[in-house]
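Participant: Before I ask anything, let me first share the structure, which is written out below as structure tokens.
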Amino acid sequence: MDKRVSSALRPRPGLNDVGYYMVGISKLPGFNQIIKLSSNESALGPSAAAVEAAARVLPQAHRYPEVDLEDLPNSIATAYDLNPAQIAFGPGSDELLLRLVNMYSGPGEEVIYSAHAYMQFPIYAKRAGSTPVAAADDDFRHSVDKMLAVVTDRTRVVIVANPDNPSGTYLPAPEIVRLRDGLPENVLLIIDAAYDEFAGAPDYESATGLVDIYDNLVVTRTFSKLYCLASLRLGWCYGPRHIIDLMERVGPSFPVNIAAQAAGIEAVRDVEHTRKVLDHNARWIGIFSNALTDMGLKVYPSQTNFVLVAFPPAGGKTAAAADAFLKQNGIVGRKFAVADFDDKLRFTVGLDWEMEKTIEVLKGFMSA
Ligand SMILES: Cc1ncc(COP(=O)(O)O)c(C=O)c1O
């Protein structure tokens, strides 16, 4: 039969505007092994107990995973002092964020986020058919006033990454409350708290506590960062029952694969491992930030597992030149193809030797 070519098929209006999300580079030509500081992964690797648990269930991979989860939400609820019935799961918090944006906004409606925040936010809005609206910020820190200033009667969702990626900055708890109180009640406030566990600032608070107060606020969390399980794709969301119930109805049929379920339970239990990850992270955020500040670079104070650094915008020491020099030495930070980030690189905390080498190479670059 002849191939039939149809020009009538069209995706939903707006979908063709969705661009590609640029993931971090993980290979360099000429290097068998690179120092990968480009994707905000956790360098120490998963808990041994989590790996063993995942391996143990793999012979059951021919079965569909359980849907009415009990052990996983119970472990999370115990660890974070939450109600297990208010937890929904997805393959990464990425999917949960997209699902939430899709559930509460659509064509002709607006999704507000802070300019320079997580670069998936406008993509989620477009995938939902709604209009992304970037609110100005204050030198890469979210501004509640500027977010509230762009609210219209078409606003349906506001997403705040707290702490934020790629800036590493955060909003103190009273600012989140001020934002929620300033928004119309029919607007969903999503707090994307992928880096929550790393935040140690005295005025930072997990937004999960606000879910008991507001029934139009949800918080997304992940096993990709602190728990070092990025590849298993395990995200969770804490919200009021009416939102969680709808999420479960409209979400994937099998939101969590068996390996992720088994590993997630053990990862939460392995407090010794999470303590190790947190200590390693705090130590290197401090050492790395100080070392780069001493080199004369502008370092954004980080509450996460990465650091955003600004290089001189012109002359020989630009971010592009630093990026090229680092790559010649087998080191990959994150360079964003976005104009406002032209002078910036982001570095995720790596292993001890990786951080030592990165500092040494950057010192060489800055003093050459
Ligand atoms: C701010 C933020 N939100 C959400 C995610 C998505 O994480 P995951 O889908 O692995 O849970 C990331 C990943 O880097 C992130 O930086």
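Where a number appears in this text, it was derived from the coordinates with a stated rule and is not lab data. Because the structure is a prediction, the values reported are computed rather than measured. Note: ideal-geometry Cβ built from the backbone for every residue, glycine included; neighbour counts use all protein chains shown.
Participant: Given a 10 angstrom Cα cut-off, can you work out which residue in P172, P202, P122 is the most mobile in a GNM of the chain?
Facilitator: Result: P202 has the largest fluctuation of those listed.
Participant: Here's a follow-up. Are any of the pairs K276/K363; K36/K357; K36/K327 more than 22 Å apart by Cα-Cα distance, and if so, which?
Facilitator: Numbers: K276/K363 28 Å; K36/K357 12 Å; K36/K327 10 Å.
Beyond 22 Å: K276/K363.
Participant: If we count trypsin sites (Lys or Arg not before Pro) as exposed when they sit in a DSSP loop and have at most 16 other beta carbons within 10 Å, what is the longest stretch of the chain that avoids them all?
Facilitator: Working: sites that count: K3, R4, K27, R63, R154.
That gives 155-368 as the longest site-free run.
Participant: In addition: Would you mind listing how long the chain runs along its three principal axes, going by Cα atoms, in whole Å with the largest first?
Facilitator: Largest to smallest, the principal-axis extents are 65, 58, 49 Å.
Participant: With springs only between Cα atoms under 10 Å apart, run a GNM on the chain and tell me which of V332, V349, V177 wobbles the most.
Facilitator: V177
Participant: Let me ask something else. Going by Cα centres, region 268-332 and region 27-46 are how many Å apart?
Facilitator: 14
Participant: Using only the Cα atoms of region 56-108, what are the Rg and Dmax in Å?
Facilitator: That works out to 14.8, 48 Å for Rg and Dmax.
Participant: Longest span of the chain, sites excluded, free of GluC sites (Glu not before Pro) in DSSP loop with at most 14 other C-beta atoms within 10 Å?
Facilitator: On the way: sites that count: E66, E70, E185.
With a cap of 14 other Cβ atoms within 10 Å, the longest stretch comes to 186-368.
Participant: Hey, could you get me the Stokes-Einstein D for region 217-368, Kirkwood radius over alpha-carbon pairs, 37 °C and 0.692 mPa s, rounded to whole µm² s⁻¹?
Facilitator: Working: Rh = 17.9 Å.
Estimated diffusion coefficient is 183 µm²/s.
Participant: How much FRET efficiency would the formula 1/(1 + (r/R0)^6) give for S231 and I287, where r is the Cβ-Cβ distance and R0 is 25 Å, rounded to 0.05? Walk me through the numbers before you get to the answer.
Facilitator: On the way: r = 27 Å, r/R0 = 1.10.
E between S231 and I287, to the nearest 0.05, is 0.35.
Participant: 5 Å is the cut-off here: which amide hydrogens, built 1.01 Å from N in the peptide plane, fall below it relative to L188, excluding neighbours closer than 5 in sequence?
Facilitator: V157, V158
Participant: Another question about this same structure. Quick one: length gained pulling A85 to L9 fully straight, 0.36 nm per residue minus the C-alpha distance?
Facilitator: On the way: separation 76, 0.36 × 76 = 27.36 nm, distance 4.20 nm.
Going from the current span to full extension adds 23.2 nm.
Participant: What size of dipole, in debye to the nearest 20, comes out for region 48-270 about its Cα centre when the only charges are +1 on Lys and Arg C-beta atoms and -1 on Asp and Glu C-beta atoms? Don't skip to the answer; put the middle values down first.
Facilitator: On the way: 17 positive and 30 negative charges, 137 e Å.
Around 660 debye, computed over region 48-270.
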